[in-house]
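Peer 1: Have a look at the structure that comes next, please.
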Amino acid sequence: MPMIVLRPFTGSRDVMGEFANRRIITVATVLGGAVVLTPNLVLLLQTFGVPIPGLG
């Protein structure tokens with residue numbers, strides 16, 4: 001969750017000034033967050049009985 005919350009702040013020139021993330025770092029953090037959060041979402045859905053296609 002901190003990945004989602006901190007991304008807008010670290011990418012903002014108004015907040016971070018010259019230390020704001022560049023575009024490539026922003027893309028990498030979004031992709032990294034998706035890699036971490038997707039399995040968590042799948043596990044939550046399975047816990048609550050939602051069938052996930054392909055995971056039987």
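The values are calculated or read from the model by the stated rules, or taken from the named source; none is laboratory data. Here the structure is a predicted model, which means the values were calculated and not measured. Cβ atoms come from the backbone with ideal geometry, glycine included; neighbour counts cover every protein chain shown.
Peer 1: Taking Thr26 as the residue in question, decide whether it is in contact with a Lys or Arg (Cβ under 8 Å, 6 or more places away or on another chain) and not small (Gly, Ala, Ser).
Peer 2: Details: in contact with a Lys or Arg (Cβ under 8 Å, 6 or more places away or on another chain): yes; not small (Gly, Ala, Ser): yes.
Against the criterion (in contact with a Lys or Arg (Cβ under 8 Å, 6 or more places away or on another chain) and not small (Gly, Ala, Ser)), Thr26 qualifies.
Peer 1: Something else: Residues that are modelled with pLDDT of 95 or more, loosely packed, with under 12 Cβ neighbours inside 10 Å and on the phi > 0 side of the Ramachandran plot: find the helices (runs of 4 or more DSSP H) completely inside the chain holding 1 or more of those.
Peer 2: Where helices (runs of 4 or more DSSP H) fall fully within the chain, none carries at least 1 residues being modelled with pLDDT of 95 or more, loosely packed, with under 12 Cβ neighbours inside 10 Å and on the phi > 0 side of the Ramachandran plot.
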